[in-house]
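Notes follow once the structure below has been shown.
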Amino acid sequence: MTTQISGRHVLFAMLAFFASIIAVNVGFAIVAVRSFPGEDTPRSYLQGLRYNDTLAERQNQAALGWRATTGLNAHGSGAALLVSLNDRAGVAIDGAELSGDLQWPAASRYDRRLNFEALGGGRYRALVSDLAPGRWRLRARAERGGEALDFESDLTWRQ
């Protein structure tokens, strides 16, 4: 028994083909938007409008001459994020208030707010529990007596 292909068969085959292509594309678009919505910084448009203020603040911070060095060390079942602050002459900066976030670059849902404690000698520590292995970004601010330093550091945690 032979079946002849009619125009109706070709029409249904083409509709099924394009429907499957559209369904796959819609599925990929949904997964892409859910995994990374595209804007990792809140109110990025407003930050762009104030960019000249940001440039002026960075220039003031560069003239101040503060330097920050960072590192991650094992601490119990988690990690200790260490920050050392020094001025241009290498003198330790004590009495600063540090605030910051440890960010997972691929997904902001893993970001963590850090609470720093002063250790003395210009050293500050924030304890982090359950840190996933991989690359992390530290964005922090140190303030003391009306002076401030904004700094970033890429850190790798291997444990």
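Taken together, the values in this text are just the output of simple stated rules run on the coordinates, not laboratory data. It should be emphasised that the depicted structure is a prediction, and the values quoted were computed from it without experimental measurement. A quick note on method: Cβ atoms are made from the backbone with ideal geometry, for glycine too, and the neighbour counts reach across all protein chains shown.
Can you give me the C-alpha center-to-center distance between segment 56-122 and segment 134-159, rounded to a whole angstrom? Cα centroid to Cα centroid, the span is 4 Å. Charged side chains reduced to their Cβ positions (Lys and Arg at +1, Asp and Glu at -1) give the chain a dipole of some 500 debye around its Cα centre. Between the beta carbons of N25 and A106, assuming R0 = 35 Å, the FRET efficiency works out to 0.95 to the nearest 0.05.
Give me the angle, in degrees from 0 to 90, between the Cα long axis of helix 51-64 and the longest principal axis of the Cα atoms of the chain, rounded to the nearest 10. Result, in degrees: 30. Tell me which of N52, M14, S77 sits at the most positive position along the dipole axis of segment 1-82, charges placed on C-beta atoms (Lys, Arg +1; Asp, Glu -1). Projecting each Cα onto the dipole axis, the largest value belongs to M14. In this simple spin-label approximation, N73 and A92 carry label points 7 Å from Cα along the Cα→Cβ vector, and these lie 1.3 nm apart. Its Cα gyration tensor gives segment 13-91 an equivalent ellipsoid. The semi-axes, each the square root of 5 times an eigenvalue, are 48, 24, 8 Å from largest down.
Axis angle, to the nearest 10 degrees, between helix 7-35 and the longest C-alpha principal axis of the chain: 10 degrees. Gyration tensor analysis over the Cα atoms of segment 67-159 returns equivalent ellipsoid semi-axes of 23, 14, 11 Å (largest first, whole Å). Across every direction, the projection of the convex hull enclosing the Cα atoms of the chain has a mean area of 16.8 nm².
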